[in-house]
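Student: Starting off with a structure, shown below.
The values are calculated or read from the model by the stated rules, or taken from the named source; none is laboratory data. Computed from a predicted model, the values in this text were never measured in an experiment. All Cβ positions, glycine included, derive from the backbone under ideal geometry; neighbour counts span all protein chains shown.
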Amino acid sequence: MVYLIICTVSLIVSALTLFSGFGLGTLLMPAFALFFPLEVAIGATAFVHLANNIFKVVLVGKRADIRVVLTFAIPASGMAIVGALLLNYFSGMQPLAEYVLAGKVFSITFLKLIIAVLIAIFAILELVPSFETLSFHPKYIPLGGMLSGFFGGLSGHQGALRTAFLIRIGLKKEAFIGTMVVSAVVVDVTRLAAYGVTFFSQNIHVIRGQIGYGLIAAAILTAFTGAFIGSRLIKKITMRTIKRIVGILLFVLAFILGTGIV
């Protein structure tokens with residue numbers, strides 16, 4: 001049952017994230033957390049997330065706009081370090097509210113509310129017809145990278161902001177998807193370098209003992225399969241459809257963040 005649930009979530013969400021640019025870590029971590037302690041779930045998810053992003057680069061990375069990657073990902077990487085350094089401060093803050101649902105305690109934090117509001121704003125831009133012609137001038141690409149990287153380092157939720165910004169700078173569909181995945185790998189590597197090494201050194205034995213590498217390998221392989229399926233559908237899906245998918249997923253993510261579910 002554990003393998004079935006983890007691998008199903010990994011397969012389906014990985015296919016969607018090729019277009020949306022976010023969601024795998026957000027949804028896969030709670031699936032792991034259903035069966036294992038939180039620190040184990042976070043560690044296992046990080047393995048799958050980074051491996052899947054690297055695989056997506058192999059599939060669609062050649063279509064990336066390198067100029068945009070450089071002007072977006074480099075500022076994002078720098079601010080990811082800043083966000084990571086602030087993580088301890090914010091993690092020490094008391095939750096704004098807590099509630100119990102189905103026997104589990106959920107916390108609403110200041111950080112999650114800030115990110116939820118930002119994501120909801122971007123979701124409105126994607127779904128309200130009057131905003132369809134709105135775009136960002138290329139000079140704001142570094143600013144978008146800084147915002148995305150900062151929140152990525154602080155909470156790990158950089159994908160939604162990265163997608164919401166890049167989808168509005170006029171990239172063609174293939175270039176948009178390729179640019180997203182290459183930028184994601186750059187920021188992921190920087191973020192993991194900032195706090196991942198210490199985390200893994202402390203918890204790798206826990207992951208090995210409670211999950212085993214077999215489940216992680218299965219999740220990675222099914223995520224690869226989902227990404228491959230998504231790459232086959234790129235030519236069959238329009239940019240308008242991608243924007244609708246992104247908008248809906250942004251609202252879902254804003255809701256589950258704002259209510260403390262994740």
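Student: Could you check how many residues of region 177-192 are within 13 Å of the chain's Cα centre (by Cα) and modelled with pLDDT under 80?
Tutor: Of the residues in that region, 2 qualify.
Student: Show the residue pairs that are 6+ apart or on different chains and have beta-carbon atoms under 8 Å apart, the first residue being within region 43-72 and on the phi < 0 side of the Ramachandran plot, the second being in a loop (DSSP other than H, G, I, E, B).
Tutor: Ala44/Phe36; Ala44/Ile211; Asp65/Leu171; Val68/Ile169; Val68/Leu171
Student: Is it the case that some residue within region 130-153 is modelled with pLDDT under 85, surrounded by fewer than 16 Cβ atoms within 10 Å (Cβ to Cβ), in contact with a Leu (Cβ under 8 Å, 6 or more places away or on another chain) and over 12 Å from Ala80 (Cα atoms)?
Tutor: Taking every residue of region 130-153 in turn, at least one turns out to be modelled with pLDDT under 85, surrounded by fewer than 16 Cβ atoms within 10 Å (Cβ to Cβ), in contact with a Leu (Cβ under 8 Å, 6 or more places away or on another chain) and over 12 Å from Ala80 (Cα atoms).
Student: For Thr45, only one of the following conditions fails: (1) at pLDDT below 80; (2) touching a Ser or Thr at 6+ places or on another chain (Cβ under 6 Å); (3) of a type in the set (S, T, N, Q). What is its number?
Tutor: (2)
Student: Identify the residue in region 6-42 that is at pLDDT 75 or above and touching a Phe, Trp or Tyr at 6+ places or on another chain (Cβ under 8 Å) and, among all such residues, is surrounded by the fewest Cβ atoms within 10 Å (Cβ to Cβ).
Tutor: The selected residue is Ile6.
Student: Counting only residues that are modelled with pLDDT under 80, give me the helices (runs of 4 or more DSSP H) lying completely in region 193-259 with at least 2 of them.
Tutor: Numbers: elements: 197-210, 213-232, 239-258.
Of the helices (runs of 4 or more DSSP H) lying wholly inside region 193-259, those with at least 2 residues that are modelled with pLDDT under 80 span 197-210, 239-258.
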